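First comes the structure, then the notes that go with it.
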Amino acid sequence: MTIFYVDGQFVPSDEATIPINDLALLRGYGIFDFLKTYKGKPLFLKEHIERLQRSAEQIGLDLPWSRGELTNIVMQTLDKNNLPDSNIRMVVTGGASPDFITPQGKPRLLVLVTPLAELPQWWYTEGVKIITIDSERNIPAAKSIDYIPATIALKQARLQDAIEAVYVDRAGYVLEGTTSNLFIFADKRLITPGRAILNGITRQVVLALAEKTYDSEIRDIKSSELYTAEEVFVTGSNKEIGPVVKVDETIVGNGKPGEYTKALMGAFAAYTHERAQAE
């Protein structure tokens, strides 16, 4: 059984609770961030904590813990569980509210450590399908716990044998996936949206790695460009780099993971390995 950190205490996962008057439950008011360990080490923890702080600022949620305190709590929770590799979720709730709507400036911090969930290997060797869906996230720069649009979109994706749904705004531009950022290669150029999205940690690493080899561009992408792109891939802390071979009912390229994408997958794997060795 795993151990969670809940509002100042370490408790078995099956005993973890928050009060029913917490605004996370009553109003969906809260934020979270997610990362994995590599070789038992929480790589990019600093970056994820910084994003957690930015998310709190975006939605006006008090975050009384310093970066050092958050780091120590995450590391203590990892030590309590002693797993080979883990998923880590940091959650900050809105806290209790006597009138069930007004924050009182007393948020709750949860750190949930669970065994690493291995994704199917065929995602990376054969490639995956994604779908497009007309939708936009509220306050996209914040990683909030409001996942109703994402839940609806992912349900539609699964009904169409897809692993992800990407949002298309009312002007016809593709933004991001429910849990991922989007990239395409067009004319041998790496392109990714930069407006109205959550700036993913994996996205930042991929852009830095790509600078060494490819011309890259951050700009709006028309949804129609997905169907004519040479290659498409998605990135995220859970899936890392996922090659896309089908968008809606259109085959991307030759229907196999592209060479540029595979090169970036290799570079990302090497980078995370080296950083884990160094820390």
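Only one entry in G127, G95 is touching a Leu at 6+ places or on another chain (Cβ under 8 Å) and surrounded by 19 or more Cβ atoms within 10 Å (Cβ to Cβ), namely G95.
Got at least one residue in the range 123-133 being modelled with pLDDT of 95 or more, farther than 30 Å from P64 by Cβ and in a loop (DSSP other than H, G, I, E, B)? There is at least one residue in the range 123-133 that is modelled with pLDDT of 95 or more, farther than 30 Å from P64 by Cβ and in a loop (DSSP other than H, G, I, E, B).
Is it the case that A165 is in contact (Cβ under 8 Å) with a residue 12 or more places away in the chain, under 18 Å from the mean Cα position of the chain (by Cα) and in a loop (DSSP other than H, G, I, E, B)? If you could, list the steps in order and put the result at the bottom.
Values: in contact (Cβ under 8 Å) with a residue 12 or more places away in the chain: yes; under 18 Å from the mean Cα position of the chain (by Cα): yes; in a loop (DSSP other than H, G, I, E, B): no.
For A165, the condition - in contact (Cβ under 8 Å) with a residue 12 or more places away in the chain, under 18 Å from the mean Cα position of the chain (by Cα) and in a loop (DSSP other than H, G, I, E, B) - is not met.
For residues that are touching a strand residue (DSSP E or B) at 6+ places or on another chain (Cβ under 6 Å) and part of a strand (DSSP E or B), scanning just the range 234-246, find the one that is most open to solvent (accessible area, probe 1.4 Å). Break it down stepwise before answering.
Looking only at the range 234-246, we keep the residues that are touching a strand residue (DSSP E or B) at 6+ places or on another chain (Cβ under 6 Å), and these are 234-235, 237, 241-244, 246.
Checking which are part of a strand (DSSP E or B) leaves us with 234-235, 241-244, 246.
Values: V234: 0, T235: 2, I241: 6, G242: 8, P243: 2, V244: 6, K246: 57 Å².
The extreme case among them is K246.
Comparison of R67, R89 shows that the only residue that is farther than 29 Å from L159 by Cα and basic (K, R) is R67.
Residue-by-condition table, conditions (1) within 23 Å of D33 (Cα to Cα); (2) in a loop (DSSP other than H, G, I, E, B):
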site: N138; (1), (2): yes, yes
site: T151; (1), (2): yes, no
site: K155; (1), (2): yes, no
site: T179; (1), (2): yes, yes
site: L190; (1), (2): no, no
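Collect the residues in the range 247-260 that are in contact with a Leu (Cβ under 9 Å, 6 or more places away or on another chain), open to solvent by 10 Å² or more (accessible area, probe 1.4 Å) and touching a residue at least 40 places away in the same chain (Cβ under 8 Å), keeping them in residue-number order. Of everything in the range 247-260, those that are in contact with a Leu (Cβ under 9 Å, 6 or more places away or on another chain), open to solvent by 10 Å² or more (accessible area, probe 1.4 Å) and touching a residue at least 40 places away in the same chain (Cβ under 8 Å) turn out to be D248, Y260. Read through the list (1) assigned to a loop (DSSP other than H, G, I, E, B); (2) open to solvent by 40 Å² or more (accessible area, probe 1.4 Å), then give the number of the only condition that E217 fails. Against the list (1) assigned to a loop (DSSP other than H, G, I, E, B); (2) open to solvent by 40 Å² or more (accessible area, probe 1.4 Å), E217 comes up short only on (1).
Every condition in (1) part of a strand (DSSP E or B); (2) without any contact (Cβ under 8 Å) to a residue 60 or more places away in the chain; (3) farther than 24 Å from T272 by Cβ holds for R195 except the one numbered (1). Of all residues in the range 177-199, those being over 18 Å from A263 (Cβ atoms), of a type outside the set (S, T, N, Q) and open to solvent by 10 Å² or more (accessible area, probe 1.4 Å) number 5.
Only one of R89, R67, R108 is out of contact with any strand residue (DSSP E or B) (no Cβ under 8 Å at 6 or more places or on another chain), touching a residue at least 12 places away in the same chain (Cβ under 8 Å) and open to solvent by 30 Å² or more (accessible area, probe 1.4 Å). Can you tell me which?
Details: R89 fails: out of contact with any strand residue (DSSP E or B) (no Cβ under 8 Å at 6 or more places or on another chain); R108 fails: out of contact with any strand residue (DSSP E or B) (no Cβ under 8 Å at 6 or more places or on another chain).
The match here is R67.
Considering each of Q76, Q58, Q121, Q53 in turn, give the residue that is in contact (Cβ under 8 Å) with a residue 40 or more places away in the chain and under 28 Å from T2 (Cβ atoms).
Working: Q58 fails: under 28 Å from T2 (Cβ atoms); Q121 fails: in contact (Cβ under 8 Å) with a residue 40 or more places away in the chain; Q53 fails: in contact (Cβ under 8 Å) with a residue 40 or more places away in the chain.
Of Q76, Q58, Q121, Q53, the one residue that is in contact (Cβ under 8 Å) with a residue 40 or more places away in the chain and under 28 Å from T2 (Cβ atoms) is Q76.
Among the residues of the range 13-46, those that are buried (at least 18 other Cβ atoms within 10 Å of the Cβ) and over 15 Å from V113 (Cα atoms) comprise D22, L23, A24, Y29, G30, I31, F44.
The values are calculated or read from the model by the stated rules, or taken from the named source; none is laboratory data. Because the structure is a prediction, the values reported are computed rather than measured. Glycine also receives a Cβ, built like all others from the backbone with ideal geometry; neighbour counts cover every protein chain displayed. Ligands, DNA and RNA are stripped out before the accessible areas are found, and what is left, the full protein with its side chains, is counted by its heavy atoms. Shrake-Rupley method; radii C 1.70, N 1.55, O 1.52, S 1.80 Å.
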